[in-house]
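First the structure, in the form of structure tokens, and then the observations on it.
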Amino acid sequence: MQFCGSCICTGSAFGSSSEILGRLPPSRRTASRALPEASPKSPASRAKQGILSVPFRRRWGALAITAALAAKRRARAASPALSLVEKSPLDNREYKPITLRNGLRVLLCSDRAADRAAAALDVHVGYFNDPPAVQGLAHFCEHMLFLGTEQYPEESSFDTYLTANSGFSNAFTEAEDTCFFFSCSTAGLRSALERFGTFFQKPLFTASATEREVNAINSEHLKNVPNDVFRMGQVLNNRANPAHPYHRFGTGNIKTLLEDTAAKGVDLRGELLRYYRRYYRAPLMTLCILGDESPDVLERYAEQYFGGIPGIAAGEILDPPAAYENQPPFLPEAFKQGIEAVPVADARELQVVFPVPFAPGNTRRVEAEEAPPAPTRGSMSVESWRWYNPAIHVGSVLGHEGPHSLCALLRRRGWITELDVSGDDDTNTFAVLVVSMELTEEGLEHKDEILELLFGYLNFLRNLPAWPQELLSENLQLSDAAWASRETDGPMNATVELAGNMQAWAFPRDYVRGNNRLRNGQGLSGTVDALMQCLRADNAIITAVSRKFEDAGNAVEPWYGTRFRVRPLAQQPRWLRVPAAPGLGLPDPNPFLPRNLELKALKSKPSSKNAIVLPESKIEKVWEAFFTQDTEYGVPKAFAFIELRTKLPRSSARAAVCARIYESMFRQALQETLLYDAEVAGLTFAFSTSMRGVELFFGGFDDRLSDFASTALGELLAFDVAKNGQGFRAQADLLQRELESVDTQEPFKQASYWSGLATLVDEISFKELQAALAGLKASDVAAFASALWASPVVGLSLCEGNLRQDEADSLISNVRSLLKSENFMAAPESEWPVPRVAKVPVNSFGQGVVLVHQITDSTEENSAVELSFQAGSTRSGSAEDLKRLSELQVLSAILSDEFYEELRARQQLGYVVSCRLDRGEGDFRLVFLVQGAVLGPMQVLERMDAFITSGMSLIDAKSEQDIAALADSLAQARLVRPQQLLEASQRRWAEICSRSFLWQRRLEEALALKAVSKEAVVEAFQRWLAPGGSERRRLVSICGPAKALPTVDQLESKDAQVIKDPQSFARQQSQWPALPVRSKA
């Protein structure tokens, strides 16, 4: 199924209040559908992103191309030193770069061990080249390419094929790039490439699809309207130079694409065709293909399916940035005024954006054969910016959180909770460096003093005689260690990253390395100095965000309706001269730098694709210790997972709130003295609580792991909450605002939350958490912390990675010693705290159980309907539940694409439309979801029911062979081996925590899938989904504005069981098994 991931949107759907306690605020920049693989990581980004994240981030600029220049570059790239791809020591893939006759640059990645394949094609044009009269055209073109080609005219053809081959596709549009990508089974790669290649040669762009897809773009926009990331991002864009495309509204909506074009007499489809024919040309594209076949075979695929993409004629020039390269992104007036903007959520942030303009006349991408010299003082070159990555070096000092740091000083004053520094918007003509701070209530009142401290520190750094060599060397050493231990990404993430790298770097040598490993050279120090010259008070775009500005907001951003006011920066002349505050300085040497990266066991290939490594175990009455030494991944890292089973953290709403504040207080308090340096050096300590108890995690380079674990845990146990009243106030305030912002989450996430509250037994609601937080004192949290470490517990642990058995035993022994043995108490497994899931009662007819929740956010126009059907237990381990799960997986695969095509593409009911199998905490269910504003929730539910009623015809249309092929594809997907050591460790740890110990779970599930027949799928549909089903456990969760919601009478007239108290409902139902029904193997 294809979803546009073109823009920034709120991350994972929030579920239970326990999840809220553990993960608010959610990640604020993900694609509209979560990718099957983890998102690609920014090379040195460790900062979480706030709502002021710069929109349309990354990529690299398009380039000016002539046929002669392209030939010259091909000749230079043929040099052996430049054509040999540099890769990390752990990368076993074979890379072959080629350039097709049409000018398309291709990187072929042959991975003989791969059990997934993928491809990504990056077109170096984005919304910066939208015609002024058609804002959003690049984004619209991205959508339209998925809607049929001459060879495959069915709009769902590509999605249908990918689904049959356990695949997935997506795309995103950014300022200067549009990227399309997919993954599938290795066996399905060739035909997938054939279909994919037609996107860029013979798309249909039918008139009917053009009209319909405008509605999809508008639904996407309406989804984004209440999202503060979009809102504040557009406030920044609104401040840009009106003659620069950075000022534009890149996503587009029905007004820009349909209404404005009609008013101006502009033919939208005609503009679309002109845009596509002008820019979708092979020399502006890069392609990366990854499969398990040889490079020569992959090369034949590339030539056969992409060689027909149009190239350029002799003398023709392709240079998309030429339209704006002489325009500055911001005019001088923008630097003289600050903005105070009003968010939807209760957020307080301060952001300072420093534009970094690139000197005119520079190459569009890095063509340096060796380290370039430093740029001329007062300017920055594209090559120096990308080669030396100065934002990393500056950010490692400006964003440092240890002693002498700006962050530590501001935290000690009680003004901020977070400070993050990142480089963004690396375009053809400029980049930006962003400093973002999360403010406390007191910090908001002192925002001008905060800015003075920031600019004083920058003045100090800028006036250093030279950037300290020891800091540069330390960053290079850390980067080298990370590169030496860098594991390969999954196929889809890898191809997306590589296709982007190919646009930034001219030579194959740099395709894989990109910015994943810092570079040294003669110009490093000078390039850092050139960046520092841009970090001045008179080159800063300053934005403050708070609801406290609501009354003073006298201006409105036109696309999202964000209210703001402009404030003159009278202090700017002083900020240019202010010295650094006492106590600020340079970071101390990092004490956690890795010393030894040697492996303690020889790396060996698994005996077969389905080979399972069984952990060693030492079982005692009060502690179960598991250990696995890595011999497969060969990474000089190790991980220790520890769980202390105790009921205390979720014994009440008050305990849950205390637990959350205790966790965050400790982390922030120890950032300055311990955790920040450790994290920078690749060591991680995580402390959290859940319904199961206390969870501890230690991970990173193994040579320092044991000592670090003892130190970190010792600091945790010694941490005195009572002496940190300032930290308590900051974290309590942050939690209060997070809980208040739950009502501003997108409707489909709220619908998921309420259905979770109705099925998770004894779950604590966010309203209860809010009530418990009111009046809470630091002494209450201190009392909780004392009780937590004195409460009786049972311990579980898994040590895995580059460790010997004796080292793992020593690490766990030290942990147990610190925790004090008298606190461990044997208890039968049946008494261990575990999440429990209620069974939705069987409702063979009617609407079933229905929850209705009113959204209070006045900016939200959308409603959401989540319709789910429970089918079995994920914990029982029974053969019956395994059979049910397999049947539901196949049924979901049959229905999902057609549900999306019918309700999203044809009926245009909304942008968020999906059908998926959900494997939850204790149950599995089939979930149908629609969010939109076109129809009211009851009308949408009627359309969803009509689709489900027609579901039998979709099954009937499948032959027995079709079902077998689909089941086999799903089985192969279950057998995909973890790409990285941590993922393999997490799978084993999940089996231990759940008490299932199904070490071959995925093999068993694959075998069960292969046994699914068409008859079984028919029976499953009739039993679980169809009206009259004997096990139809139907739950509907509706969220939306008051005017859209149905009344109780309307629902009850349709045989609905309307639930007003979801928690009470959950407690009254029977439950799915909380523990396996079979004994441990």
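The values are calculated or read from the model by the stated rules, or taken from the named source; none is laboratory data. Keep in mind that what you see is a predicted model, and the values were worked out from it rather than measured. As a convention, Cβ positions derive from the backbone with ideal geometry for all residues, glycine included, and neighbour counts pool all protein chains shown.
In the stretch 320-338, is there at least one residue being modelled with pLDDT of 90 or more and under 30 Å from Asp743 (Cβ atoms)? Yes, because at least one residue in the stretch 320-338 is modelled with pLDDT of 90 or more and under 30 Å from Asp743 (Cβ atoms). Among residues of the stretch 286-306 that are in the same structural domain as Glu176 (by TED's automatic domain parsing) and among the charged types (D, E, K, R), those with a Cβ under 6 angstrom from a residue that is surrounded by 17 or more Cβ atoms within 10 Å (Cβ to Cβ) and part of a helix (DSSP H, G or I), sequence gap 6+ or separate chain, pair up as Asp292/Thr186. Considering the stretch 79-97 alone, what residues qualify as being assigned to a strand (DSSP E or B) and not aromatic (Phe, Trp, Tyr)? Hits for the stretch 79-97 are Glu94, Lys96, Pro97. Of all residues in the stretch 951-973, which are surrounded by 20 or more Cβ atoms within 10 Å (Cβ to Cβ) and either charged (D, E, K, R) or within 24 Å of Pro835 (Cβ to Cβ) (or both)? Listed by number, the list is empty, since nothing qualifies.
Only one of the listed residues (Thr488, Thr427, Thr440) is β-branched (Val, Ile, Thr) and either surrounded by fewer than 22 Cβ atoms within 10 Å (Cβ to Cβ) or out of contact with any Phe, Trp or Tyr (no Cβ under 8 Å at 6 or more places or on another chain) (or both). That residue is Thr488.
So which residues in the stretch 318-328 are surrounded by 12 or more Cβ atoms within 10 Å (Cβ to Cβ) and not in a helix (DSSP H, G or I)? Matches in the stretch 318-328: Leu318, Asp319, Tyr324, Glu325, Gln327, Pro328. Scanning the stretch 529-552 turns up no residue that is touching a His at 6+ places or on another chain (Cβ under 9 Å) and more than 22 Å from Leu464 (Cα to Cα). Put simply, of Ser994, Ser959 the only residue that is of a type in the set (Gly, Ala, Ser) and modelled with pLDDT of 95 or more is Ser959.
Within the stretch 656-674, restricting attention to residues that are in contact with a Pro (Cβ under 7 Å, 6 or more places away or on another chain) and buried (at least 21 other Cβ atoms within 10 Å of the Cβ), which residue is nearest to Gln805 (Cα to Cα)? In this case the residue turns out to be Ala659.
Of Arg1001, Arg1023, Arg977, Arg988, which residue is of a type in the set (D, E, K, R), at pLDDT 95 or above and within 29 Å of the chain's Cα centre (by Cα)? None of the other options fit; the residue is Arg988. In this entry, Ala114 passes the filter for residues that are within 24 Å of the chain's Cα centre (by Cα), assigned to a loop (DSSP other than H, G, I, E, B) and either buried (at least 24 other Cβ atoms within 10 Å of the Cβ) or not acidic (Asp, Glu) (or both).
Restricted to the stretch 329-357, and to residues that are of a type in the set (Gly, Ala, Ser) and over 17 Å from Ala552 (Cα atoms), which residue is surrounded by the most Cβ atoms within 10 Å (Cβ to Cβ)? Ranking the qualifying residues of the stretch 329-357, first place goes to Ala345.
Restricting attention to the stretch 1034-1045, the residues that are in contact (Cβ under 8 Å) with a residue 12 or more places away in the chain and surrounded by fewer than 21 Cβ atoms within 10 Å (Cβ to Cβ) total 3. Tell me, please, whether a residue that is in the same structural domain as Arg1033 (by TED's automatic domain parsing), among the β-branched types (Val, Ile, Thr), surrounded by 23 or more Cβ atoms within 10 Å (Cβ to Cβ) and touching a residue at least 60 places away in the same chain (Cβ under 8 Å) can be found in the stretch 885-892. Yes, that holds for at least one residue.
Can you find a residue that is within 30 Å of Lys605 (Cβ to Cβ) and at pLDDT 95 or above anywhere in the stretch 120-137? Yes, that holds for at least one residue.
Residue-by-condition table, conditions (1) touching a helix residue (DSSP H, G or I) at 6+ places or on another chain (Cβ under 8 Å); (2) closer than 26 Å to Ala732 by Cα:
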site	(1), (2)
Trp415	yes, yes
Asp426	yes, no
Val432	no, no
Met437	yes, yes
Gly443	yes, yes
Ile450	yes, yes
Phe455	yes, no
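Quick one: in the stretch 926-975, of everything that is in contact with a helix residue (DSSP H, G or I) (Cβ under 8 Å, 6 or more places away or on another chain) and either of a type in the set (Ser, Thr, Tyr) or outside the structural domain of Gln889 (by TED's automatic domain parsing) (or both), which residue is nearest to Ser863 (Cα to Cα)? Out of the qualifying residues, it is Ser969.
Residue count for the stretch 278-306 under the criterion of being assigned to a loop (DSSP other than H, G, I, E, B) and within 20 Å of Gly188 (Cα to Cα): the result is 3. Determine whether Lys820 is surrounded by fewer than 23 Cβ atoms within 10 Å (Cβ to Cβ), on the phi > 0 side of the Ramachandran plot and out of contact with any His (no Cβ under 9 Å at 6 or more places or on another chain). It is true that Lys820 is surrounded by fewer than 23 Cβ atoms within 10 Å (Cβ to Cβ), on the phi > 0 side of the Ramachandran plot and out of contact with any His (no Cβ under 9 Å at 6 or more places or on another chain). As a summary of the residue check, Val834 satisfies the conditions (1) part of a loop (DSSP other than H, G, I, E, B); (2) more than 36 Å from the chain's Cα centre (by Cα) except for the one numbered (2).
Taking (1) outside any strand (DSSP E or B); (2) under 19 Å from Asn493 (Cβ atoms) in turn, Leu121 satisfies each apart from (1). Note on the stretch 179-195: among residues that are in a helix (DSSP H, G or I) and in contact with a Ser or Thr (Cβ under 8 Å, 6 or more places away or on another chain), the one that is surrounded by the fewest Cβ atoms within 10 Å (Cβ to Cβ) is Arg195. Taking the criterion of being part of a strand (DSSP E or B), farther than 29 Å from Phe181 by Cβ and touching a residue at least 40 places away in the same chain (Cβ under 8 Å), would at least one residue in the stretch 376-393 satisfy it? Taking every residue of the stretch 376-393 in turn, none turns out to be part of a strand (DSSP E or B), farther than 29 Å from Phe181 by Cβ and touching a residue at least 40 places away in the same chain (Cβ under 8 Å). Per the conditions (1) more than 24 Å from Phe592 (Cβ to Cβ); (2) of a type outside the set (D, E, K, R); (3) surrounded by fewer than 24 Cβ atoms within 10 Å (Cβ to Cβ); (4) within 29 Å of the chain's Cα centre (by Cα), the sole criterion not satisfied by His446 is (4).
Figure legend. Inter-residue proximity from the stretch 588-602: first residues in the same structural domain as Ala482 (by TED's automatic domain parsing) and part of a loop (DSSP other than H, G, I, E, B), second residues surrounded by 10 or more Cβ atoms within 10 Å (Cβ to Cβ) and not hydroxyl-bearing (Ser, Thr, Tyr), beta-carbon distance below 8 Å, spacing 6+ or different chains. No pairs are indicated.
The residues listed here are Ala785, Ala751, Ala732, Ala722; of these, the one that is surrounded by fewer than 16 Cβ atoms within 10 Å (Cβ to Cβ) and assigned to a helix (DSSP H, G or I) is Ala722.
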